[in-house]
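Worksheet: one structure, shown below.
The values are calculated or read from the model by the stated rules, or taken from the named source; none is laboratory data. Small disclaimer: the values here were computed from a predicted structure and weren't measured. Every residue, glycine among them, receives a Cβ derived from its backbone with ideal geometry; neighbour counts consider all protein chains shown. Side chains are part of the model used for accessible areas, which takes the heavy atoms of the whole protein and leaves out ligands, DNA and RNA. Shrake-Rupley method; radii C 1.70, N 1.55, O 1.52, S 1.80 Å.
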Amino acid sequence: MAPVGVKRRRTLAPLPEGLRQIHAAFERLAHQPDTLGDVLRRACDTVWPSEKGDLFQWSAVLDVLDAELGKEAATRETVLAALRFTRTLLQNCSNRHVYNSY
């Protein structure tokens, strides 16, 4: 058998300030699920910086969206806002293969 090589993990660049605030707001949704619509509206209104991000940085956010949208109480507006935000992520991030439906 061939020796198994150790893959070196690449460190990710920090998120710009505006995106960092949105990322933190999504992480707080675990404690305050009623504010998902507000966070999504703010996230969709944010102008993405010129540089491409990495979808790995947003995997926790995608998990939160998946959990919240899996509930039966998700409204049509919330689902549409989540789809808009997901589209924004996919357009502005590399490593799209992280997203299973891409």
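Residues that are closer than 15 Å to Leu89 by Cβ and either open to solvent by 40 Å² or more (accessible area, probe 1.4 Å) or not small (Gly, Ala, Ser) (or both) within the stretch 14-26 comprise Leu15, Pro16, Leu19, Arg20, Ile22, His23, Phe26, listed in sequence order. Please find, within the stretch 67-94, the residue that is surrounded by the most Cβ atoms within 10 Å (Cβ to Cβ) out of those that are under 16 Å from His23 (Cβ atoms) and not aliphatic (A, V, I, L, M). The selected residue is Phe85.
Regarding Arg42, is this residue in contact with a helix residue (DSSP H, G or I) (Cβ under 8 Å, 6 or more places away or on another chain), open to solvent by 100 Å² or more (accessible area, probe 1.4 Å), charged (D, E, K, R) and without any contact (Cβ under 8 Å) to a residue 24 or more places away in the chain? Here the answer is yes, as Arg42 does meet what is asked. For the stretch 49-57, the count of residues that are surrounded by fewer than 15 Cβ atoms within 10 Å (Cβ to Cβ), in a helix (DSSP H, G or I) and either at pLDDT 85 or above or touching an Asp or Glu at 6+ places or on another chain (Cβ under 9 Å) (or both) is nonzero.
In the stretch 76-98, how many residues are under 15 Å from Asp66 (Cβ atoms) and of a type outside the set (Ser, Thr, Tyr)? Before you say what the answer is, go through the steps one by one.
Initial filter on the stretch 76-98 (under 15 Å from Asp66 (Cβ atoms)): 78-79, 81-83, 85-86, 89-90, 98.
If we keep only those that are of a type outside the set (Ser, Thr, Tyr) too, we end up with 79, 81-83, 85, 89-90, 98.
Selection size over the stretch 76-98: 8.
Scanning the stretch 58-95 for residues that are over 14 Å from the mean Cα position of the chain (by Cα) and in a helix (DSSP H, G or I) yields Arg76, Glu77, Thr78, Val79, Leu80.
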